[in-house]
Structures are given as C-alpha cells and as structure tokens.
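Just so it is clear, none of the values below were taken in a lab; they were calculated from the coordinates. This is a predicted model, so every value here is computed, not measured. In this analysis, Cβ positions are derived from the backbone assuming ideal geometry, glycine residues included, and neighbour counts consider all displayed protein chains.
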Amino acid sequence: MEQKWLSVRFGERRIGGRYELHVPGIKWRAPADTAGRRERRKAKPVDCQFLDVSVTGASILAPIASDLRVGAHVLIGYEGESSTVRIRRVEPYDKVLCIYGVSFVNLAPRLQELIYLTGDR
C-alpha cells in the first residue's frame, strides 16, 4: 500500500490545493542552466522526490545537507531545465533524508506545466 504524503501536521499554508506528484528524473541541487562546463562537472545533483505540490510550493524528499537551511535557495532540475526553490521548512525523515518544504521562486516551463497539469486532475 502506497503511503500518502500530504503533511497535515503543519496545517494548510498553501494558496492552492495539494496534489501528490511522483515523477522520476527530478534532480536536487542541479547546476544552473548558465553554468559553464567546469561548474557543471563539479556539481553533483542527486535524485529527489516530490511528495506533494501546489501552485506555490512543494514537499520534496531529498538527502540531508548541513548547508541547507530555511531561506536557502536550491536549484532543481527537470528535463534539462533548472528551477529555483526557497526552503521554508526542514523536517528530518530518517538518517539520510529530509523532507524540505519549499516555495517556488522561479519555475522552468516544463516543471510549471507538469505542476499545473497535476492540479487540473
């Protein structure tokens, strides 16, 4: 049985409704689209998982990183495009993963389309 990842203990703070979104191929800490060849080689994006989304933000399951705190901006990659999110909350999940509550700062067209299509279901 698949677990539903809608976080209610923090209350509903999003403008729109929340929707589950399980899409492979999303990268956490992706290199910027404008990064040079050296910067892209240095960057080591990792897979992450959207747990739920709304038009203003998402809950993302990703590896723990001590340098990521509330207010930090993170690049996420989807289908070759980078989007920017701002961390709003960090909730430990287990020894290696956290749930990051994020708000969208700048959504690339493909990710924006995916999120809006999910909300139309």
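Using a Förster distance of 25 angstrom, determine the FRET efficiency expected from the C-beta separation of Glu20 and Arg69, and round it to 0.05.
Working: r = 27 Å, r/R0 = 1.06.
The value I calculate is 0.40.
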Next on the checklist: Order 71-84, 51-64 from most to least packed using the mean count of other Cβ atoms within 10 Å.
Outcome noted: 51-64, 71-84
Next on the checklist: If I model a spin label at Lys44 and Val96 as a point 7 Å from the Cα along the Cα→Cβ vector, what separation in nanometres do I get?
Outcome noted: 1.3 nm
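With only alpha-carbon atoms in the gyration tensor, what are the semi-axes of the equivalent ellipsoid for the stretch 50-121, in Å, largest first? Show your work: numbers first, answer last.
Working: eigenvalues 90, 34, 23 Å².
Equivalent ellipsoid of the stretch 50-121: 21, 13, 11 Å, largest first.
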